[in-house]
Amino acid sequence: HTRSVRAGGTAPAMVRLALAVVLLLLAVATGRPAAGVDSDEGGLSLSLAAVEGHLVRADDVLLAAADLELGRARLAGQQSGRGARLFAGAGLGSGTDTSLAGADRTYTTYDLRAGVRFPLLGRAAAEERGVAEAESAVREHTHRLDQAREASLSLLRRQYVALYAAGEQLQLTRAFLADEKEQAALLERRQQAGYLRASARLEALAAFDLARRNEANLEAAAQAARNLLERLTGLVDPWQPMAPQLAEPCLDRDTLVARAGQDHPAIRILEERLRGFERQAALADRFGAGANLDLYSATGNDDSRDAAEYAVGVALGVELPLGRVFAGENSVRSIALAEVSRCRLDLARARAEARTRAAEALALFHAAAADLRYAERRLQAATETVREDTLRLALPGDQSAVLQQSRYARYQAALGLVEAQQHHWNQQITLLEVLPVAAPAPPVN
């Protein structure tokens, strides 16, 4: 039994059998069950799809969601602040009447005014630009949230694969180390009998030291992957990974390259930003003249009258920056047009880079598949070498040391197969980043 299968269940039967053969052969010497049959690790076994369902605590996703909420709040503020406004004012002054010679009169006046003010021309356009900018920011943050989710999902998948691969390699390592004492005793007896040189015995024993070093490094790698998965998912109870099941990526180069420049969230972010700048430029008039229309009621009096006076009126105010008139253009519009030009260049570059990355990812995926096939054949050859060296053990000479070396070579080949499978999975995840595809449903037991 082994869990090392290619993503999507597409690996040939040779892959599924190769590690099982090695684990069984490594376990024969001690009479222990093959690693992977009865795991001594605690906790439930969780599929990749089950772990993906807990992707709710990723820092980047939470930050992107917070930015989206902030953008929505700013949009609501911009929308509520545009249009008609209530205004009120009060004035108090002192005047002198000099119309009569030698009989100047000083008096006090007051004025109260309230009404509704409507923005016109550039002032109304400025409010519309503020709303348009906030709307564009909300849509951009929505795409950034999608981007953060996809990036966090890819990170989760890579760490899940790393945890699974480390577990498989740990099982192989511990199975290789299981008969260290028995092999060391055998090598010593062969040396004392004169069939084995001392240097050959030490070299054979060094393989166990290398395996223990591998074990320590693999335990550290597994713990690092588990820690990051805990941060992403909040899963703290002991659990074990299963063979990763990933969706089959798009392998048609033309389709992959064409859609890579369209469907990725990073491209949609730039597209949304470009639409926002284009709308900003359209809302900016040539000179930036501002105006407002006031509908008001007023009351006032001075101390020469016994009763206050009341009035209702309409006022139109216009303002026009002289600098813009002399310059013959609106700086706001010029800035928006420059942003449009720059964003178009950024978008074109991003699309070209996305297409290039897609083509490279597909090529690396095929290269990883070829490397996986090589690792399978290498393990086959190493396993056959162990069988042949076992038959030669009855011959005189350093045959036990040779067998130990071939067993270590088989162990290294098995580790290489797991590593090649991990690399193949990671390249598959990269392809799914280029063009996401829905993951398959988990298999029914």
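Taking the Cα centre of the stretch 237-282 as origin and charging only Cβ (+1 Lys, Arg; -1 Asp, Glu), how large is the dipole, in debye to the nearest 20?
Computed about the Cα centre, the dipole is about 280 debye.
Report the net charge of residues surrounding Ala354, where surrounding means a beta-carbon distance below 10 angstrom and charges are Lys +1, Arg +1, Asp -1, Glu -1.
Once all neighbours under 10 Å are counted, the net charge is +3.
What list of ³J(HN,Hα) values in whole Hz, one per residue of the stretch 226-236 in order, does the Karplus curve 6.51 cos²θ - 1.76 cosθ + 1.60 (θ = phi - 60°) give from phi, with Gly and Pro shown as x?
Residue by residue, the stretch 226-236 yields 5, 4, 5, 4, 5, 5, 6, 10, x, 6, 10 Hz.
Which of the peptides 356-363, 220-227 is most tightly packed, and how do the rest follow, going by the mean number of other Cβ atoms within 10 Å of each residue?
356-363, 220-227
Pull up all non-local amide H partners of Thr109: gap of 5 or more, or a different chain, and H-to-H distance under 5 Å with H placed in the peptide plane.
Here the answer is Gly93, Ser94, Gly95, since their amide H atoms fall under 5 Å of that of Thr109.
Given the peptides 241-249, 78-86, arrange them by the average over their residues of other C-beta atoms within 10 Å, most packed first.
Ranking, from highest mean packing down: 241-249, 78-86.
Return the ratio Rg/(2.2 N^0.38 Å) for the stretch 203-260, where Rg is computed over Cα atoms only.
Normalised Rg, Cα atoms only: 1.88.
At a 1.4 Å probe, what is the % contribution of carbon and sulfur to the accessible area of the stretch 145-277?
It is 51 percent, rounded to a whole number.
Kindly write out, for the stretch 381-386 in residue order, the coupling ³J(HN,Hα) from the Karplus curve 6.51 cos²θ - 1.76 cosθ + 1.60 (θ = phi - 60°), rounded to whole Hz, with x marking Gly and Pro.
5, 5, 5, 5, 5, 4
Might you report the magnitude of the Cβ-based charge dipole of the stretch 153-257 about its Cα centre, with Lys and Arg at +1 and Asp and Glu at -1, to the nearest 20 debye?
With Lys and Arg at +1 and Asp and Glu at -1, about 340 debye.
Counting only heavy atoms of the protein chains, get the accessible area per residue of the stretch 166-305 (1.4 Å probe) and round it to a whole Å² value.
On a per-residue basis, 49 Å².
The values are calculated or read from the model by the stated rules, or taken from the named source; none is laboratory data. What you see is a predicted model, and the numbers here were worked out from it, not measured in a lab. Virtual Cβ from ideal backbone geometry, glycine too; neighbours counted across all protein chains shown. Note: accessible area is taken over every heavy atom of the protein model, side chains too, but ligands, DNA and RNA are not part of it. Shrake-Rupley method; radii C 1.70, N 1.55, O 1.52, S 1.80 Å.
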